[in-house]
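Okay, so here's the structure we're looking at.
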Amino acid sequence: MKHWTEPNGNFIVNIPIEWQYKNVVYEDIEEKSPYSFEPYEDSLGCFQLSCYPLSEKGPNPNFPIQKNNSKVKWLASRMDDKEFDVLLFHAQVDDLLCMAKYIYSAKLRDDKKIQEQIEKVKLALDSFRVIPQTDRELARQLDKHDNFLSSLTASYDLLNNALESESYIEVIVILANQIDAFLRSSIILKKQLEKKTNNIEVKYIFQGDDEWGINERKIYKKAQKMKILDDETFKELNNLYDLRNRVIHRYIISFIKTRDIVKIAYDYLILNEKIRLILKSYEEMQYGKGFGIYGRGYSKDDEFDETEYKRAFSWANDKHLIEKLERKL
């Protein structure tokens, strides 16, 4: 299973790794209730989750309002017709009306595969938890952090393709992006350590379409100021970034040679690993602290199993949305 957080931080749920969140796949579907999930391959039905403020819908007197500190008790019903079977689930929890549906063709009613999917629906609903109102801002921050990690994971597929095809300009672009990401994450982790907080400064890891973000140069300077980067590494990084800009913006109008680009890509690979290890050190500093992104549930002895790899693959798939780059689950 993999966790999924409602974009407004209202609830969290575990869904099967082989299910994809569909709202972001289609351009004409907004990221709001209902939130739809289907298997990446051979989909037989659609699982949907919704939540609405009770203040808007009004509480239903026929079933109680539950507290959000325990397992949700769902009121189950059906709404079948000649074309589709629909399993319905309702619950009133804290300040929210929560609903779930599983929709599939009536022709598949007795299909063994559908029964298997229904069991997965039940497992997902068992994991469903409404997030307390006081924690919803943190949940929104963590959702942005999940998106950040998904994007970073996907970038390795692009990097591997670029290395295999010897596309050195693309290699430089991706490595510069990764270094920037490592430093942004290091800044957040160090701030959490200094302030002993769970708070995530989203401005460092997410930039909306209508937002002015923090550019790479400012990230480098911030990392140097916070002593994440020493002066020598800071200088090396800025020099490489100057060369990166020359490659991207002035390849045709300068004397730079393609041979030079290969050397720049190599230097970026070396520096990328150096800064990745800096990030790793800040992750490990948080282990056992009881706060921060890695302060609980992580240790140096952790080993990735098959489930963890599949979870990472699903993250990358959700970022790419391109069949050529899709990892099999």
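The values are calculated or read from the model by the stated rules, or taken from the named source; none is laboratory data. Just so it is clear, the structure is predicted and the values come from calculations on it, not from any experiment. Methodologically, a virtual Cβ is constructed for each residue, glycine included, from the backbone with ideal geometry; neighbour enumeration extends over all protein chains shown.
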Test set (1) under 30 Å from G58 (Cβ atoms); (2) small (G, A, S); (3) surrounded by 18 or more Cβ atoms within 10 Å (Cβ to Cβ) - S127 fails condition number: (3)
Search result, residues across the range 10-50 that are among the charged types (D, E, K, R), touching a strand residue (DSSP E or B) at 6+ places or on another chain (Cβ under 8 Å) and over 17 Å from A312 (Cα atoms): K22, E38
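Scan the range 98-124 for residues that are of a type in the set (D, E, K, R) and more than 23 Å from K57 (Cα to Cα) and jot them down. Spell out how you get there, then give the answer.
Narrowing the range 98-124 to residues of a type in the set (D, E, K, R): 101, 107, 109-113, 116, 119-120, 122.
Hits for the range 98-124 are K107, R109, D110, D111, K112, K113, E116, E119, K120, K122.
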Residue within the range 54-68 that is β-branched (V, I, T) and crowded, with 17+ Cβ neighbours inside 10 Å present: no
When residues of the range 1-34 are limited to those that are free of Cβ contacts under 8 Å to residues at least 60 places away in the same chain and of a type in the set (K, R), the one farthest from C51 (Cα to Cα): K22
Matching option when the condition is among the hydrophobic types (A, V, I, L, M, F, W, C), at pLDDT 95 or above and surrounded by 14 or more Cβ atoms within 10 Å (Cβ to Cβ), among L271, L277: L271
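Please verify whether L240 is out of contact with any strand residue (DSSP E or B) (no Cβ under 6 Å at 6 or more places or on another chain), under 22 Å from S151 (Cβ atoms) and modelled with pLDDT under 95, treating the condition exactly as stated. Write out each step before concluding.
Working: out of contact with any strand residue (DSSP E or B) (no Cβ under 6 Å at 6 or more places or on another chain): yes; under 22 Å from S151 (Cβ atoms): yes; modelled with pLDDT under 95: no.
Judged against the criteria, L240 is not a match.
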Given (1) under 19 Å from F89 (Cα atoms); (2) in contact with a Pro (Cβ under 9 Å, 6 or more places away or on another chain); (3) outside any loop (DSSP other than H, G, I, E, B), number of the condition K32 does not satisfy: (3)
Qualifying residue in the range 75-91 (condition: among the polar types (S, T, N, Q) and either modelled with pLDDT under 95 or under 23 Å from A312 (Cα atoms) (or both)): no
Helices (runs of 4 or more DSSP H) wholly inside the range 102-212 containing at least 3 residues that are small (G, A, S): 136-164, 168-195
Members of the range 248-263 that are surrounded by 12 or more Cβ atoms within 10 Å (Cβ to Cβ) and of a type in the set (D, E, K, R): D260, K263
Selection count where residues are modelled with pLDDT of 90 or more and under 16 Å from the mean Cα position of the chain (by Cα), scope the range 202-215: 6
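Which members of the range 285-324 meet the condition of being hydrophobic (A, V, I, L, M, F, W, C) and surrounded by 15 or more Cβ atoms within 10 Å (Cβ to Cβ)? Spell out the reasoning first.
Of all residues in the range 285-324, those hydrophobic (A, V, I, L, M, F, W, C) come to 285, 291, 293, 304, 312-313, 315-316, 321-322.
Correct list: M285, F291, I293, A312, F313, W315, A316.
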I172 in contact with a His (Cβ under 9 Å, 6 or more places away or on another chain) and at pLDDT 95 or above: no
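Rundown of residues vs (1) of a type in the set (A, V, I, L, M); (2) outside the structural domain of Y102 (by TED's automatic domain parsing); (3) part of a loop (DSSP other than H, G, I, E, B), yes/no style:
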| site | (1), (2), (3) |
| --- | --- |
| N8 | no, no, yes |
| I17 | yes, no, yes |
| N23 | no, no, yes |
| Y26 | no, no, yes |
| F37 | no, no, no |
| S43 | no, no, yes |
| F47 | no, no, no |
| E56 | no, no, no |
| K73 | no, no, yes |
Test result for V121, over 30 Å from I261 (Cβ atoms) and among the β-branched types (V, I, T): yes
